[in-house]
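Have a look at the structure below, then the notes.
The values are calculated or read from the model by the stated rules, or taken from the named source; none is laboratory data. A quick note: this is a predicted structure, and the numbers were derived from the prediction, not measured. Neighbour counts run over all protein chains shown; Cβ positions are idealised from the backbone, glycine included. Ligands, DNA and RNA are stripped out before the accessible areas are found, and what is left, the full protein with its side chains, is counted by its heavy atoms. Shrake-Rupley method; radii C 1.70, N 1.55, O 1.52, S 1.80 Å.
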Amino acid sequence: MSRPRTSIKASQFTESVIREMTRLSNKHGAVNLSQGFPDFAAPEAIKQAACDAINGDVNQYAITWGAKRLRDAIAVDFERRYGVPVDPETQLTVCCGSTEAMMATMLAIVDPGDEVIVFEPFYENYGPDAVLSGATPRYVTLREPSNADSDWTFDQDELAAAFSNKTRAIIINTPNNPTGKIFTREELEFIARLCQKWDVIAVTDEIYEHILYDGATHVTMSALDGMADRTVTINSVSKTFSVTGWRVGWTISPPDLAAAIRKVHDFLTVGAAAPLQAAGAAALALPEAYYRDLAQTYATKRDRLLTILERAGFVCFKPRGAYYIMTDIAGFGFPDDVAFARHLVTDVGVAAVPGSSFYRHPTAGRTKLRFCFCKKEETLAAAEERFAKLRAPA
Ligand SMILES: Cc1ncc(COP(=O)(O)O)c(C=O)c1O
């Protein structure tokens, strides 16, 4: 009997390695420092807002492009922070997390044959997003820092050479997963000039907007001269409010792009969970002190995990934002990152993500491993204890 056929698209990418690591971690009872979800409680006030919404019978479909209260709250917040006016009636689309926001955006703006520029190492969804929308991803390398004072960066000539008449969009993730890089204003201005020259849309994933360290500031692409008209800004409640399971995210874009994104979104999912949209609006009303505490709490966790990893023999790239640490594992002498990650999860009892899952070529990232630190102190302490079993590089 012949086997049912699956699509060529689906054969072009693998299952998520990050989510697979979480399953392996559960199987082996390991400390899970792989998938980036907090293991501590979300803020009481927003959990109460979610319960109130359900009890108050906010239980039917919201308007497909998002409940008005949430869209209004997002628009006010964005304008207040970045000085970019947003019309919640025509520019906002609420989606099921930024994952769907990215997919809906790509399906709305890209045609088969178009190219989409993606920086690597990348958040692993971007490649499949490009493939599913029929685009060809063009990768540009973020080169690792040469010393403690420098950051991951791209070569301007390499980036300029990646743009052509075929380029439809460029995806920028700042603060960046997995590197912790924060794109500087100068870097974003350089990218903006290329977008304008080649008539390209910038799609920016700003989900770690509030998780910044050492006085770093977040620059949003749409605030740069001439970019509000050609930027889709993607964000969500997942990381800022520690509710990755709620699946509420959004796009901010010029109205003509929003009209296309809204149509795609409607047929993909109809809408994000209505009561959680109501709670999302409550989350955006939290005082500014909430965001300061969030960044401070993560700064402490970052420093704690850096110490743990360095003591265990890892070479760490200190992140400037987001909640991951990329490490170099060459000194441990394993054949590759996957073998090392398996050893860590099964024999040592700590789960991390193999570096190669952030690169297109299996050979790249072979000496890298990513850990996350969005975890309780007990979890980080448990990882520290387990690392005692790890033989440090000679
Ligand atoms: C850069 C980046 N974008 C998007 C996501 C997924 O976000 P959401 O939960 O809003 O779908 C993640 C999750 O780890 C991420 O790191």
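Per-structure values
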| item | result |
| --- | --- |
| Solvent-accessible area, 1.4 Å probe, carbon plus sulfur percent, for the chain | 53 percent |
| Relative contact order for segment 164-259, counting Cα pairs under 8 Å that sit 6 or more residues apart, in percent | 24 percent |
| 222 nm mean residue ellipticity, helices alone, for the chain (DSSP H n ≥ 4; -39,500 (n - 2.57); rounded to 500) | -11500 deg cm²/dmol |
| About the Cα centre, charge dipole magnitude for the chain (Lys/Arg +1, Asp/Glu -1 at Cβ), debye | 1060 debye |
| Residue among A381, A223, C95 farthest towards the positive dipole end of the chain, charges placed on Cβ | A381 |
| Percent RCO, i.e. relative contact order, over the chain, from Cα pairs under 8 Å lying at least 6 residues apart | 24 percent |
| Too-long pairs where the Cα-Cα distance tops 30 Å, listed order kept, from K9/K47; K27/K368; K263/K376; K47/K68; K239/K318 | K9/K47; K263/K376 |
| Among 79-85, 177-183, 301-307, 98-104, the order from most to least packed when residues are scored by Cβ within 10 Å on average | 177-183, 98-104, 301-307, 79-85 |
